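Only one structure is covered here, and it is reproduced in the block below.
Please treat every number below as a calculation from the coordinates, not as lab data. Just so we're clear, the structure is a prediction, and the values are computed from it rather than from any experiment. FYI the Cβ positions are ideal-geometry reconstructions off the backbone, even for glycines, and counts take in every protein chain you see.
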Amino acid sequence: MRAYTEKIREIARRLLEACTVERVLGFRRGSVPMMNEPCFVKTPAEAANLIWDSNCGINLANYLTSRSEKIAIFAKGCDSRNIVTHIIENKIRREQLVIIGVPCHGMIDRHRIAAETDGEIREVVEDENNIIVQGDGFKKVHNRHDVLQANCAVCTHRNPVIYDELVADLVEEPGDVDRYQDVREIEALSAEGKWDFFDDLLHDCIRCYACRNACPLCYCPTCFVDESRPQWVGKSQDPVDVRTFHFLRAYHCAGRCTDCGACERACPVGINMRVFTKKLEKDCLEKFGWEAGLSLEARPPLDAYRPDDPDDFIR
Amino acid sequence: MQNPYLPYAVRIEDIITETEDKNLKTFKLAFENPADEEKFVYAAGQFAELSVTGKGEIPIGIASSPTEKGFVMFTVNKVGLVSSHLHTMQPGDLMGIRGPLGNSYPWELLEGRNVVIIGGGFAFTTLRASIVYMLDLANRSRFGEIHVIYGARSPGMLLYRDELAAWEARDDIHMHITVDATDDPDWKYNVGFVPTITEKKAPQADAETYAIICGPPIMIKFTQPVLDNLGYGHDHIIMSLENRMKCGIGMCGRCNIGRHFVCKDGPVFTLAQLNGIPKEY
Amino acid sequence: MKVIYIEKAQWASGLEKAGDSFRLWGPVRRGPFYAFDKLASGQVPALDFRNTRLSAKGLVYPQSEKMFEYTLDPGQPDHDLLKEAQKDYSPRAVLGIRPCDADAFELVARNFDTPEYQDPYWLRAREAVTLVGLACAAPCSTCFCTSAGSGPFSTKGLDILLVDSGGNFLAQVVTPKGEAFAQAAGWRQTADDTAAAEIETHRQAAEARITAHVPTDRLKQQDTLELHAAPFWDDVAFACINCGTCTYLCPTCWCFDIQDETHGRQGVRLRNWDSCMFPLFTLHGSGHNPRGQKVQRVRQRFMNKLKYYVDKYENGIQCVGCGRCVRHCPVNIDIRKVCELMNSYTLAGDSCAVVS
């Protein structure tokens, strides 16, 4: 990944020197371990601030909607699929973008690493295979595959699906990946079991909307939770309202979500709300043969109608 | 400890539809508990939070003058959840009010001075309160010349039309009523935007003359240069701001502009004060 | 200040005794993090923590709080009238709160307790709570309490400050409420003369471990409008996703919303935490929004905490340096960097490119 950083800086510098784009959207080094900060680079000199490593889990496509500039964006596989969805949904025009594809080796899960570490983490460095976590008087080496973000661990689209140039050679896509084992486990629960599972899952939700705001799909000028006439959802921590927010948001992402994991990454209280969108992703795949963001030509299933569409999920 | 979030119970006594588009209604409210009326001591320029149980609260300028006894009056624009419900309510219905809130127009400062009132559209409510207050027999002699420039889009959109006509007929107040446009052949008053009429009719500035201006942002934007040209110093221009409010008592934090709460340090500010704070209003 | 000596062996039994007259709260482990929770009889707080994920502010100021109840049933004599919701203000003790979180109550009190208005909900809840703090022997790399007027051994806002001394606690009794709690727990043994010096030694060691030092000395003298118009805000705000993480985790943020919620014919007027990060926060009924753009909202938060509050109360910044926002911001916006930018800003020579 170190080689990526050099290449990214070189590409950004080149694009800005030639004024091919007005802005470059990437990451600069964060101020705490395992975090990088999304940034807009405007000058060739600033391109030297860009970095890339296994802490680039934030989905940069989130920053594209309704922008008017010509922008270069560094996009992983999942990010690039969100860019496709943005273009289909008219949130940005293809001509505005120079997409620099970043074949991805997976991002590490900072929440998980922190939870598995007793002392305070002061520094995390990585090499090709290992993530080395250091703190006061301790050093722990993890194999990167053991600490990947949950979505990265089951990713089947590591390579960008749309790009103008690449940062590195395309990587091998994994073959046999069972993406839905966790979903099937929940599907197998009784109704009461599911209620308990979801209640426990959502118990700590503080309605901060970090999940929603980190998601590139959530760009509604007024989110349904903020409507007042009528008010669909209460604003307290009433479990009914918390469930409504999460369930309904998942439905609004159905057929569009690329499982980029930005939502889970953003949550300050560690809620694994991807179970909802993954369930709907599984339904879309099984019922409509659909995967989001793979083609600029095809419209998502909730956007289009075919006479032979199954309707067994609506009764 | 008194609970500042608890409204006084009031009953709607009368509802008057003010404007031809029916979006503005004046509500006359009477206190259920006479002791509450005694506590509700206010000055023109202040506002109250109108509470509709089950819907919420809205901050509305008090349109009545403290010289009018037995009721408090508010003119409410139908614009959102609470105001829309309020517009469906009937005389006899119960609701609540909290207040009086905010600071008033600076009556101590205006003592013995000339007052030029400039209002537009439905921002005229606290200006009505001010006019009624000043014209009251007990108060008129405390003020110098009073000029009022008040305009709306059309005759049917003016508030308090009967009162405007009555004031126009008086000789102790100079009324300059205007509309942006009208095809009414019987229209007796001015035609023209408020900034234009201000330019023509407002008196030149001097140390003893203060302007109170209340209106939509666009009106204020074009009226202010006129006042500058007439020589009004920014500390002689008094304005009343709006902002989204909930608590009305400077606690919920949302109505701040810089370090000032519009609900508590305002809503009345001089332009000189506003020049020193960020333009986030 | 009186110092009491508490053998760790007496800790649990003391809490048990205190539990007769106080409801007890303390940090408990909840999955990957710690949270304040009500302690069951015999349950001891988990003091092997750095800090709780959410601050302690929710103990006095719940995220959702009923203010009033009402009925809309016209058949009821009190229909449409708001009735104050009943609360339990019986004595409570919070054990193990960190000094930064306790100091935060002092900062927040300035908002809820003013000469003109007093918030009965916040004030009564605050009064009913006794804060038994735990000094921080090992501040984190994101702690900057000493820059924010607090410190790992600060007693501001606390009734008792516990200092871990190995096999025992040294408990500084700060207030009469603290004295009352110590009495209720049966902790009566006064520490000997060496206690004060020992505490001081621990304090210095703890403060020496703090690596984050954030300059705030020039904030007061900065011109508000110049700071507001500074060119660095666009860069500061770019990554922000305008969620409520920082405001909700922050012990010194207090903004709230008031809503009526009705089910059938019964309802409550409640208040919920709100955030200046949300666009709805300042949206007028007319559709006008003075802070409709993200950069305006981000700027507002930092200006409020590091400038408006400083000017208004002349008692330092609206921050205690707990570091939660720094650790949990989903996009790593760091208040320490922003404070540095604001503090050092000069109109003349701004070379404010943010270089990491």
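So in chain B, which Cys have no other cysteine's beta-carbon sitting under 4.7 angstrom from theirs?
Within chain B, the cysteines lacking a partner Cβ under 4.7 Å are B:CYS214, B:CYS255, B:CYS263.
Please get the size of the charge dipole for the protein assembly as shown, origin at its Cα centre, with Cβ charges of +1 on Lys and Arg and -1 on Asp and Glu, quoted in debye to the nearest 20.
Rounded to the nearest 20 debye, it is 900 debye.
Other chains' Cβ within 10 Å of C:241-253 residues: what's the mean?
The per-residue average across the peptide is 5.
Of A:LEU166, C:SER21, B:GLY102, which is farthest on the positive side of the dipole of the protein assembly as shown, counting Cα position, with +1 on Lys and Arg Cβ, -1 on Asp and Glu Cβ, and the Cα centre as origin?
Selected residue: A:LEU166.
Using helices alone, what [θ] at 222 nm do you get for chain C, with -39,500 (n - 2.57) per DSSP H run of 4 or more residues, divided over all residues and rounded to the nearest 500?
-8000 deg cm²/dmol
Compare the Cα positions of B:MET175, B:PRO185, B:GLN273 along the charge dipole of chain B (+1 at Cβ of Lys, Arg; -1 at Cβ of Asp, Glu; about the Cα centre) and return the one farthest towards the positive end.
Farthest towards the positive pole: B:GLN273.
What number, rounded to the nearest 500 deg cm²/dmol, is the helix-based mean residue ellipticity at 222 nm of chain A, given -39500 (n - 2.57) per DSSP H run of at least four residues and division by all its residues? Could you put the intermediate results ahead of the total?
On the way: 10 runs with 96 residues, N = 315.
The helix-only estimate for chain A comes to -9000 deg cm²/dmol at 222 nm.
Can you tell me how chain C classifies by the Cα gyration tensor, rounded, prolate or oblate, using a/c under 1.5 as the rounded cut?
Oblate shape, in that a/c is at least 1.5 and b/c is the bigger or equal ratio.
What percent of all Cα-Cα pairs in the range B:126-215 falls in each 10 Å bin, counting up from 0?
With a bin width of 10 Å, the distribution comes to 15, 49, 30, 6, 0.
Taking amide H positions as placed in the peptide plane 1.01 Å from N, state which residues far from A:PHE27 in sequence (5 or more) or on other chains have amide H under 5 Å from it.
When sequence neighbours closer than 5 places are left aside, the close amide H contacts are A:CYS39, A:ILE51.
Explain nothing, just compute: Karplus ³J(HN,Hα) = 6.51 cos²θ - 1.76 cosθ + 1.60, θ = phi - 60°, for every residue of the range C:13-26 in order, whole Hz, x for Gly and Pro.
Ordered by residue, 3J(HN,Hα) equals 5, x, 5, 4, 5, 4, x, 5, 10, 10, 7, 10, 10, x Hz.
From a point 7 Å beyond the Cα of B:GLU145 in the direction of its Cβ, which residues of the range B:214-233 have a backbone N at a distance under 16 Å?
The answer is B:227, B:230-233, whose backbone nitrogens lie closer than 16 Å to the label point.
Quick one: B:LYS221, A:LYS70, B:LYS55, fewest Cβ neighbours within 10 Å first, how do they rank?
Lowest count first: B:LYS221, A:LYS70, B:LYS55.
Through the Karplus equation 6.51 cos²θ - 1.76 cosθ + 1.60, θ set to phi - 60°, convert the phi angles of the range C:76-88 into ³J(HN,Hα) values in whole Hz; use x for Gly and Pro.
8, x, 9, 4, 6, 8, 8, 10, 4, 6, 6, 10, 9
Suppose R0 equals 35 Å. What FRET efficiency, 1/(1 + (r/R0)^6) with r the Cβ-Cβ distance, do C:SER41 and A:TRP232 give to the nearest 0.05?
Efficiency computed from Cβ-Cβ geometry: 0.25.
Mind listing the long-range amide H neighbours of C:ARG23? Cut-off is under 5 Å, sequence gap 5 or more, other chains count too, H placed in the peptide plane at 1.01 Å from N.
Excluding prolines and chain starts, which carry no amide H, the hits are C:ARG92, C:ALA93.
Given +1 on the Cβ of Lys and Arg, -1 on the Cβ of Asp and Glu, and no further charges, what dipole in debye does the range C:224-344 carry about its Cα centre, rounded to the nearest 20?
Computed about the Cα centre, the dipole is about 200 debye.
Based on the mean of other beta carbon atoms within 10 Å per residue, what is the order of C:158-165, A:299-306, most packed first?
Result, highest mean Cβ count within 10 Å first: C:158-165, A:299-306.
Using modelled amide H (1.01 Å from N, peptide plane; none on Pro or chain starts), what sits under 5 Å from the amide H of B:ASN103, excluding residues fewer than 5 places away?
Here B:GLY266, B:VAL268 satisfy the definition.
To the nearest whole number, what is the average tally of beta carbon atoms from other chains within 10 Å of the beta carbons of peptide C:117-123? Numbers along the way, then the final one.
Values: counts 10, 6, 8, 6, 3, 1, 1.
Rounded to a whole number, the mean comes out at 5.
Report the full-extension gain for the segment B:ASN33 to B:ASP136: residue separation times 0.36 nm, less the Cα-Cα distance, to one decimal in nm.
Stretched fully, the B:ASN33-B:ASP136 segment lengthens by 34.5 nm.
I need the calculated FRET efficiency for the pair A:ASP308 and B:GLN204, taking r as the beta carbon distance and R₀ as 56 Å, to the nearest 0.05.
After rounding to 0.05, the efficiency reads 0.10.
Write out the cysteines belonging to chain A for which the nearest other cysteine Cβ is not under 4.7 Å, or none if no such cysteine exists.
Taking the Cβ cut-off of 4.7 Å, the unpaired cysteines of chain A are A:CYS19, A:CYS39, A:CYS56, A:CYS104, A:CYS152, A:CYS155, A:CYS205, A:CYS208, A:CYS220, A:CYS223, A:CYS267, A:CYS284.
For the ranges A:197-206, C:93-102, what's the packing order if you count other beta-carbon atoms within 10 Å of each residue, average per peptide, and put the highest first?
C:93-102, A:197-206
Given A:SER228, C:GLY58, B:ALA48, which one lies farthest toward the positive end of the charge dipole of the protein assembly as shown, if we put +1 on the Cβ of every Lys and Arg and -1 on the Cβ of every Asp and Glu?
C:GLY58
Report the Cα centroid-to-centroid distance between the range A:241-292 and the range C:155-221 in angstrom, as an integer.
Each part reduced to its Cα centre gives a spacing of 47 Å.
Taking the Cα centroid of the range A:127-169 and of the range B:150-171, what is the distance between the two, rounded to the nearest whole Å?
Taking the Cα centre of each part, the range A:127-169 and the range B:150-171 sit 72 Å apart.
Mind checking which lysines have their C-alpha under 18 Å from A:LYS279, skipping anything on the same chain fewer than 8 residues away?
Partners within reach: A:LYS194, A:LYS287.
In a GNM of chain A with a 10 Å cut-off on Cα contacts, which of A:ILE99, A:ILE108, A:ILE131 has the highest mean-square fluctuation?
It is A:ILE131.
Go through the range A:244-258 residue by residue and turn each phi into a ³J(HN,Hα) via Karplus (6.51, -1.76, 1.60, θ = phi - 60°); whole Hz please, and just put x for glycine and proline.
Karplus values, whole Hz, x for Gly and Pro: 4, 4, 5, 5, 5, 5, 4, 5, 5, 9, 4, x, 10, 5, 9.
Near C:LYS307, which lysines are there with a Cα under 24 Å away, not counting those fewer than 8 places off in the same chain?
B:LYS246, B:LYS264, B:LYS279, C:LYS57, C:LYS156, C:LYS220, C:LYS294, C:LYS337
Based on alpha-carbon centroids, what's the gap between the range B:1-80 and the range C:235-308 in Å, whole number please?
That distance is 27 Å.
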